[in-house]
Amino acid sequence: MGEGDRPGKAKGKGKKTKGTESYKLYIFKVLKQVHPDTGISSKSMAILNSFIVDQFEKIASAAAQLSRVNKKPTLTSREIQTAVRLVLPGELAKHAVSEGTKAVTKFTSA
């Protein structure tokens, strides 16, 4: 097989354009978990997606800053956890930390 060839695909017949990354699918999945009969408009989805991108950037920047201040070249879950505590307010930070800890535990045990 040549470079870029995949089994089951005709040569030269694949989509090569990359879609823009977004959290829309995940927002929709969570919405359906919480309110199965509720929909969301595309404008509302775009606003929520922007909000999540902004929060991600804030947390990532805070974590990177913590890493630089502590002269550590590696961004670990500890920096992320501290950044979440700094960026998110009160109860929201507590829930985010517990969900993050649960996700890391699940990932490491798998």
Inset, instruction - Considering (1) without any contact (Cβ under 8 Å) to a residue 12 or more places away in the chain; (2) open to solvent by 60 Å² or more (accessible area, probe 1.4 Å); (3) more than 16 Å from the chain's Cα centre (by Cα), say which one D54 fails and leave the rest. - result: (3)
Legend entry - Which numbered condition K71 misses (of (1) at negative phi; (2) modelled with pLDDT of 90 or more): (1)
Inset, instruction - Read through the list (1) farther than 15 Å from V87 by Cα; (2) part of a helix (DSSP H, G or I); (3) open to solvent by 100 Å² or more (accessible area, probe 1.4 Å), then give the number of the only condition that L31 fails. - result: (3)
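The values are calculated or read from the model by the stated rules, or taken from the named source; none is laboratory data. Small disclaimer: the values here were computed from a predicted structure and weren't measured. Heads up, the Cβs are rebuilt from the backbone with ideal geometry, glycines too, and the neighbour counts pull from every protein chain shown. Side chains included, ligands, DNA and RNA excluded: accessible areas come from the protein's heavy atoms. Shrake-Rupley method; radii C 1.70, N 1.55, O 1.52, S 1.80 Å.
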